[in-house]
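Everything on this sheet refers to the single structure shown next.
Computed from the coordinates by the stated procedures, all read-outs in this text should not be read as laboratory data. Worth saying up front: this structure is predicted, and the values here are computed from it rather than measured. Don't worry about glycine lacking a Cβ; one is built from the backbone with ideal geometry, like all the others, and counts go over all protein chains shown.
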Amino acid sequence: MPEAAWTHVDDAQPTTYPDRRSADLIGTAAIPTTSGFNVGVAWYTAEEFGEPQVHADQEAVFVVSGEGEMRVGELIVRLTPGTAVYVPPGTAHGARRTADEPVMAVYTHGAV
């Protein structure tokens, strides 16, 4: 069983993609978890939807700041601070900003 641990978003090393930057915070080599659980932060920077993401686990996204849209399958969800979105396993999804600032969102993945 992993031990209790902590980190801060300012210490994260984001990976840059064409439509976003993202950084896993929990569920990393430094802070391992069980069952593929993780928590991270994403900054959606593109004005257009990027290549959709699809993965076998489920995901939840919580918007901290910014305004945008998230495509989940065929559904388009308006993103504003306080919005939470559930992405079922195997569902294509992606997000974009619709204002000047990036959309900052906390995400978590978990096994089904």
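A simple charge model with +1 on the Cβ of Lys and Arg, -1 on the Cβ of Asp and Glu and nothing else charged puts the dipole of the chain at about 140 debye relative to its Cα centre. Taking 7 Å steps out from each Cα toward its Cβ at T33 and A92 produces label points 2.7 nm apart. With Cα atoms defining each centre, region 5-37 and region 47-100 are spaced 18 Å apart in the structure.
The 3J(HN,Hα) values that the Karplus relation (6.51, -1.76, 1.60; θ = phi - 60°) gives for region 35-41 are, in residue order, 6, x, 5, 8, 9, x, 10 Hz. Gly and Pro appear as x. Here the contact order of the chain, divided by its residue count and restricted to Cα pairs under 8 Å and six or more residues apart, works out to 29 percent.
By the equivalent-ellipsoid construction on the alpha carbon gyration tensor, region 13-110 comes out with semi-axes of 21, 15, 12 Å, ordered largest to smallest. Electrostatic tally near I76: other residues with Cβ closer than 12 Å to its Cβ, Lys and Arg +1, Asp and Glu -1, net +1.
Calculated FRET efficiency, E69 to A4, Cβ-Cβ distance, R0 = 30 Å: about 0.25 to the nearest 0.05.
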